[in-house]
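Undergrad: Below is the structure I would like to discuss, written out as structure tokens.
The values are calculated or read from the model by the stated rules, or taken from the named source; none is laboratory data. In this text the structure is predicted, and so the values were computed from the model without any measurement. Note that we place each Cβ from the backbone using ideal geometry, even for glycine, and neighbour counts take in every protein chain shown. Side chains are part of the model used for accessible areas, which takes the heavy atoms of the whole protein and leaves out ligands, DNA and RNA. Shrake-Rupley method; radii C 1.70, N 1.55, O 1.52, S 1.80 Å.
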Amino acid sequence: MSSSIFNNNSISISVSDDDPDEQGRMRVRVRRKRKKHGDQRGQTECTQLLIRWFVKYWILLVFLPAAALLIFEATRIGKKPGLAVNSGVNEMKKPGSLGNKEPISKVKELSNLNRLDPTTHVVGGVRERCLKILPAEELEHVELPLTEESSSNLVKRLVYLSDQGTPYGAGDSTDSWQRINDTRFNLFTGHQTMDEREKSFKVNETAVIHCGFYSENGGFKISDEDKSYMQSCKVAVSTCAFGGGDDLYQPIGMSEASLKKVCYVAFWDEITLAAQELQGNKIGDDGFIGKWRIVIVKNLPFVDQRLNGKIPKMLPHRLFPHAKYSIWVDSKSQFRRDPLGVIEALLLRTNSVLAISEHGARSSVYDEAKAVVRKHKATPEEVEVQITQYRKDGLPADKRFNGRKALNEASVIVREHTNLTNMLMCLWFNEVVRFTSRDQLSFPYVLWRLKVVKNINAFPVCTRKDLVNSMGHIRKAKPLTN
């Protein structure tokens, strides 16, 4: 029995022996708690430090990623796509393919090519298309009026000066005649005196003006076959590339009706022809590359290729004598809308005779003159001569004219061919010959001087972006040598 008690005591002692271990473990746990508490205090201090740092530098945290994104997007926008024309269809040549002379990076720059997605903007909180063109099924039935508009009755007869009966046709060398006069006037333009310039802005029933094609010896020679084709055109879309400057972009987005009724004409010189043939782009036996009729112009009248380009741009009524409407598209752009729909939307629907884009960056001729000099688009001396004359004539520095922006961007021009609009374009051409070839400086001036041409549709920049896919100039045009 005592043994039993002893055993029980042993058990009690045994249990009692565990107490120190339990206390030890408790002490250990307490020590661990203190250690953990210290870590928590350190984390709290670290968190508070981070909060103070964020409050102090939060602007940098927001600004740096935004700046990086802006730089990235700017480099993407700055890329200028190119184009290889093959068998009349816009195709990107595959890297390594025969005749491909462009690096792979150039192929990646063609993101704008053949895009048909509409350009939109927000009006009154609602997003809508910049150019509201008729649906395809309605375009098939569009009939453009071919009668004279009432506005053209102000000028019932337009007479273009030529060398018949004048001494200017006596010479047979444009360059020598040009050097003698120390101007850019030549046998193509005729020599417009300042007195003739002043009289040309007076609107009479019969207007007698210089308008290029002054002499048979003046240059800009086109074959009889091409002349015959252009004389058949009632509606013309035209572009040009002189000096091998740009590639050819096939028009897209047109209806079957437009393909039957509209002429697409691209003017090239022999330099561009040779450059394109080196790339494997040859004119077909029918005179076409894709939808474009290629017209080769020989004996260009100006050394400055930009000035040569003003002839098809400003004088389509001289090149397409029976056309009632024309659309000009700069060679850096791909026309991507139906021509009949564009004429209906920008001219007929708005009761306008000419449609041209507002300038995207500036609103004043005088501000544009400063930008031209700053960007080295013309010499300060020739710009000063032009601006001095415009100030003398009283051209205001207003940023608005007839309720619209007073400065335009002329990469796309849509117009009806009436006596009054033909006169406007002739006077515009004479100004770029007399002064600088920067036509954005002279167009507002001519419009201001004529005064009677009020039904001009100065459409917003977003409409211009909807009309074309802009590629940018691919190469610098080669100037002609004396």
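Undergrad: What number of residues within the stretch 324-347 are closer than 19 Å to Cys233 by Cβ, assigned to a loop (DSSP other than H, G, I, E, B) and open to solvent by 10 Å² or more (accessible area, probe 1.4 Å)?
TA: Counting residues in the stretch 324-347 that are closer than 19 Å to Cys233 by Cβ, assigned to a loop (DSSP other than H, G, I, E, B) and open to solvent by 10 Å² or more (accessible area, probe 1.4 Å) gives 2.
Undergrad: Within the stretch 387-413, which residues are open to solvent by less than 20 Å² (accessible area, probe 1.4 Å), polar (S, T, N, Q) and in a loop (DSSP other than H, G, I, E, B)?
TA: none
Undergrad: While we're on this one: Got a number for residues in the stretch 118-143 being open to solvent by less than 60 Å² (accessible area, probe 1.4 Å) and within 19 Å of Leu347 (Cβ to Cβ)?
TA: 7
Undergrad: In the stretch 218-234, what residues are in a helix (DSSP H, G or I) and in contact (Cβ under 8 Å) with a residue 24 or more places away in the chain? Steps first, please.
TA: Narrowing the stretch 218-234 to residues in a helix (DSSP H, G or I): 224-231.
Across the stretch 218-234, the qualifying residues are Glu225, Asp226, Tyr229, Met230, Gln231.
Undergrad: In the stretch 173-191, what count of residues is obtained for those that are buried (at least 21 other Cβ atoms within 10 Å of the Cβ) and at pLDDT 95 or above?
TA: Qualifying residue count for the region: 5.
Undergrad: Could you please let me know if Arg434 is more than 22 Å from the chain's Cα centre (by Cα), open to solvent by 10 Å² or more (accessible area, probe 1.4 Å) and either among the acidic types (Asp, Glu) or farther than 18 Å from Arg415 by Cβ (or both)?
TA: On the way: more than 22 Å from the chain's Cα centre (by Cα): yes; open to solvent by 10 Å² or more (accessible area, probe 1.4 Å): yes; either among the acidic types (Asp, Glu) or farther than 18 Å from Arg415 by Cβ (or both): yes.
It is true that Arg434 is more than 22 Å from the chain's Cα centre (by Cα), open to solvent by 10 Å² or more (accessible area, probe 1.4 Å) and either among the acidic types (Asp, Glu) or farther than 18 Å from Arg415 by Cβ (or both).
Undergrad: Something else about it: Suppose we filter Arg337, Arg362 for residues that are at pLDDT below 95 and within 20 Å of the chain's Cα centre (by Cα); which single one remains?
TA: Values: Arg337 fails: at pLDDT below 95.
Answer to the check: Arg362.
Undergrad: Another question about this same structure. Tally the residues that are of a type in the set (Val, Ile, Thr), part of a helix (DSSP H, G or I) and more than 17 Å from Ser238 (Cβ to Cβ), restricting the search to the stretch 268-309. Walk me through it before giving the result.
TA: Of all residues in the stretch 268-309, those of a type in the set (Val, Ile, Thr) come to 271-272, 283, 289, 294-297, 303.
So of that shortlist, the ones also part of a helix (DSSP H, G or I) come out as 271-272.
Narrowing further to those that are more than 17 Å from Ser238 (Cβ to Cβ): 271.
Matching residues across the stretch 268-309 total 1.
Undergrad: To continue, here is another question. Going by the conditions given, is Lys202 under 30 Å from Thr436 (Cβ atoms), open to solvent by 40 Å² or more (accessible area, probe 1.4 Å) and of a type in the set (D, E, K, R)?
TA: On the way: under 30 Å from Thr436 (Cβ atoms): yes; open to solvent by 40 Å² or more (accessible area, probe 1.4 Å): yes; of a type in the set (D, E, K, R): yes.
Spelling it out, Lys202 is indeed under 30 Å from Thr436 (Cβ atoms), open to solvent by 40 Å² or more (accessible area, probe 1.4 Å) and of a type in the set (D, E, K, R).
Undergrad: Still on this model: Out of curiosity, is Lys282 open to solvent by 50 Å² or more (accessible area, probe 1.4 Å) and in contact (Cβ under 8 Å) with a residue 12 or more places away in the chain?
TA: Details: open to solvent by 50 Å² or more (accessible area, probe 1.4 Å): yes; in contact (Cβ under 8 Å) with a residue 12 or more places away in the chain: no.
It is false that Lys282 is open to solvent by 50 Å² or more (accessible area, probe 1.4 Å) and in contact (Cβ under 8 Å) with a residue 12 or more places away in the chain.
Undergrad: Right, next: Looking at Glu384, Glu416 in this structure, which one is surrounded by fewer than 22 Cβ atoms within 10 Å (Cβ to Cβ) and among the acidic types (Asp, Glu)? Steps first, please.
TA: Values: Glu416 fails: surrounded by fewer than 22 Cβ atoms within 10 Å (Cβ to Cβ).
Criteria check complete, one pass: Glu384.
Undergrad: Which one of Ser238, Ser215 is in a loop (DSSP other than H, G, I, E, B) and of a type in the set (Ser, Thr, Tyr)?
TA: Details: Ser238 fails: in a loop (DSSP other than H, G, I, E, B).
Testing whether each residue is in a loop (DSSP other than H, G, I, E, B) and of a type in the set (Ser, Thr, Tyr) leaves just Ser215.
Undergrad: Of the residues in the stretch 348-381, how many are basic (Lys, Arg) and either part of a helix (DSSP H, G or I) or surrounded by 18 or more Cβ atoms within 10 Å (Cβ to Cβ) (or both)? Before the answer, list the steps.
TA: Of the stretch 348-381, the ones basic (Lys, Arg) are 349, 362, 370, 374-375, 377.
Cutting the leftovers down to either part of a helix (DSSP H, G or I) or surrounded by 18 or more Cβ atoms within 10 Å (Cβ to Cβ) (or both) gives us 362, 370, 374.
Result for the stretch 348-381: 3.
Undergrad: Kindly provide the set of residues from the stretch 280-326 that are farther than 15 Å from Phe242 by Cα and β-branched (Val, Ile, Thr), ordered by number.
TA: Ile283, Ile289
Undergrad: Further, regarding this structure: Give the stretch 241-267 a look and list any residue that's surrounded by fewer than 20 Cβ atoms within 10 Å (Cβ to Cβ) and either in a helix (DSSP H, G or I) or free of Cβ contacts under 8 Å to residues at least 12 places away in the same chain (or both), or say none.
TA: Selection gives Glu256, Ala257, Leu259, Lys260, Lys261.
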